[in-house]
Amino acid sequence: MIRLKGLAALLTVAALLALPAAAGATLSYTKGIQKPRAYVAEDNGTGARQIGPGRNSHVSPNGEWVAYERESSSGTSELRLYQVDIHKGERLLNPWAESFVFAWSPDSTKLAAITGGVRGKRTLLVIEAKSMRREKVATGYFNGVSFSPESDEIVYGVSQTEDTLKSDVFRYKLGGAAPKALTKGKVSAYPLWGPKGQIAFARQLGGKQRKYGPANQLFVMNDEGQQVSQLTHTKVNPLAQGLIPVAWSSNGARLLTQFGGQDQSYAVAVSTITGAEKKLSKNPEMGLLGAALSPDGATILGTVGLGFGGNPHPKVVTVPWGGGPEKVLVPGGYEPSWGG
């Protein structure tokens, strides 16, 4: 399979695979391309203050914590945890590998993250935010992770080879028995646990017929890996990978997704009732990068203006679910996250 130029942008979005939190008091984002710095603000972009050097921030669902990536003195990426009310940050994990594979638990007490070296298999950990106690879940090459609505289990996509997309989806009860495979065939990835017990995931189809590799279509299943049904029938061009799930609405009727491929990445709104799809950008190359969905499913948070190469001019924006005018929250900002 060719390496798609747009995959990096797609995987950045994959870092946000978690149950959506309420749009509330806390917004985080990055500013600066060459020397990125992380910020927090009110959810409408006002009252901004700098956290410090770093990027790829993730607000906890209750808005009290911000996890973000910072380069350490040794050159590795470390996971830091910033407490919003006391303006204090500390290192939680070093090295932080594959920072696009990350999730907060819905109750904001735990984080799922990957650690490991530059080469070889990595380790999926669940870390308690306050105590920093760690639980090892699995090893391999991961492409997505998501907590259950009750925050006591996780699902994740993992491969045992360096081709991370030759993977299956597994379910793990924290502190419990061995992980349980929910899929088979090594064609399932990017699981996202929904509010009603359903799990959305990408299944790779047409691998033998397509010249450059399989295309993603979204499926849903219950938490036992049963009642599997195909949700989308997206047209995926030869140089594209297709859709990955990003965020659910709280009633489970709407799913924010991201379409990615070579020099193309844009958000797509998907109805889980009808399977209808709505592109949220007129720019087929690098449109809206969807980051979060308000609980009522009415508003999407994302980034526009990054582009592939050239001179990026990013903005953190919100757009209506059905498409429409962008509301700029942060000129010059990107990689946004909501919580609280």
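Listing for the model above:
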item	result
Ranking of Thr257, Thr139, Thr232 by count of other Cβ atoms within 10 Å, fewest first	Thr139, Thr232, Thr257
Sum of side-chain charges, Asn251 neighbourhood, beta-carbon under 15 Å (Lys, Arg +1; Asp, Glu -1)	+1
Of Ser57, Val317, Val169, farthest towards positive along the dipole that unit charges on Lys, Arg, Asp, Glu beta carbons give the chain	Val169
Mean Cα-pair separation over length for the chain, i.e. relative contact order, pairs under 8 Å, 6 or more apart, %	17
Where Rh is the Kirkwood radius over Cα pairs, Rg/Rh for the range 74-122	1.02
Ser99, Ser271 arranged by Cβ crowding within 10 Å, fewest neighbours leading	Ser271, Ser99
Charge dipole of the chain about the Cα centre (unit charges at C-beta), most positive-ward option of Gly213, Gln160, Pro336	Gly213
Tail weight of P(r) past 18 Å, computed on alpha-carbon pairs of the range 102-251, percent	56
Positive-pole candidate from Asn251, Tyr29, Thr299, dipole of the chain, charges at beta carbon	Tyr29
Viscosity 1.567 mPa s, 4 °C: Kirkwood-radius Stokes-Einstein D of the range 7-339 over Cα pairs, µm²/s	67
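Every read-out reported here was derived from the displayed coordinates using simple, explicitly stated rules and does not represent laboratory data. From a predicted model like this one, the values you see are computed outputs, not experimental measurements. Note: ideal-geometry Cβ built from the backbone for every residue, glycine included; neighbour counts use all protein chains shown.
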